[in-house]
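Worksheet for the structure shown next.
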Amino acid sequence: MRTPIIAGNWKLNKTISEAVELTTELKDLVTATNNVDIVVAPPFTALDAVNKVVKDTNIELAAQDVYWEDSGAFTGEVSVPMLKDAGCEYVIVGHSERRQFFNETNESVNLKANAVLSHDMKPIICVGELLDDREAGRTESVIKNHVSGAVEKLTSDALLSCIIAYEPVWAIGTGKTATPEQAQEVHNYIRNILKETYSDEIASQVRIQYGGSVKPENAAELMAQPDVDGALVGGASLQAESFAQIVKNAI
Ligand code: PGA
């Protein structure tokens, strides 16, 4: 049985005080919600302050990115031990915006995932095709390339600590959600890749989130699909009410 996981990716939004306000509101709305993992990913600057709000609650903390070295001369980067120290349990890696604007590649995603796992934290590995890919019938080959590249050489144990987020790039921030059938088709395909690479048993335990214009109105239908184990939410996670509603729709 896979516990659904709903994560809010705040992207480049929220000052420290705004982040604390949002988290405080959210905490009260989801305090009685069980059987779902609830995660927020504020910007780096707000991690410590948000951690103080979520301590001893049912909300966990994620970072939006990381560098794979623990320390050294890498100006501007943040390491896994630093994120752990700030209270993070999860790190989003390979988000399409990072692939698109910051030269993220399968190789760097794999290095980052490994670094996160080596400190007993959990990577949320994002994969997804562009609209051009979908229209040209390349969805499966892009997904296979992203998934295989990210999990390359991971042991079965390590894979079990990973969360895969399927985010069709054409659905991110566009208001255009994949239909539940489109999402299920790709989620099932991802699980089959993991089955081939690992085993049925391992693949059936890995959580695969859907991301891309998830809203309170479409969350339940998406999450009712057999291989959809939660959501990675951008825009709708910036308001406590809508994010809490999505969390409740996950169960
Ligand atoms: P969105 O973003 O919900 O605003 O489409 C999702 C994401 O990028 O993780």
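The values are calculated or read from the model by the stated rules, or taken from the named source; none is laboratory data. A quick note: this is a predicted structure, and the numbers were derived from the prediction, not measured. As a convention, Cβ positions derive from the backbone with ideal geometry for all residues, glycine included, and neighbour counts pool all protein chains shown. Each accessible area value is taken on the protein alone, full model and side chains, heavy atoms only, with ligands, DNA and RNA left out. Shrake-Rupley method; radii C 1.70, N 1.55, O 1.52, S 1.80 Å.
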How about segment 184-229: which of its residues are basic (Lys, Arg), farther than 21 Å from Val93 by Cβ and either in contact with a Phe, Trp or Tyr (Cβ under 9 Å, 6 or more places away or on another chain) or within 16 Å of the ligand (Cβ to nearest atom) (or both)?
Lys215
Across segment 52-67, what is the total count of residues that are acidic (Asp, Glu) and open to solvent by 80 Å² or more (accessible area, probe 1.4 Å)?
1
Given the conditions (1) within 27 Å of Asn35 (Cα to Cα); (2) surrounded by fewer than 23 Cβ atoms within 10 Å (Cβ to Cβ), and given that Arg138 satisfies all but one, which numbered condition is not satisfied?
(1)
Residue among Asp85, Asp70, Asp120, Asp132 that is open to solvent by 40 Å² or more (accessible area, probe 1.4 Å), away from the ligand (no atom under 16 Å from the Cβ), among the acidic types (Asp, Glu) and under 30 Å from Gln184 (Cβ atoms)
Asp132
Glu97 under 15 Å from Pro43 (Cα atoms), modelled with pLDDT of 95 or more and within 17 Å of the chain's Cα centre (by Cα):
yes
Examine segment 165-188 for a residue that is out of contact with any Ser or Thr (no Cβ under 7 Å at 6 or more places or on another chain) and in a strand (DSSP E or B), and state whether such a residue exists.
yes
Against the definition (assigned to a helix (DSSP H, G or I) and buried (at least 20 other Cβ atoms within 10 Å of the Cβ)), how does Ala244 come out, yes or no?
yes
In segment 15-46, how many residues are open to solvent by 60 Å² or more (accessible area, probe 1.4 Å) and not in a helix (DSSP H, G or I)?
5
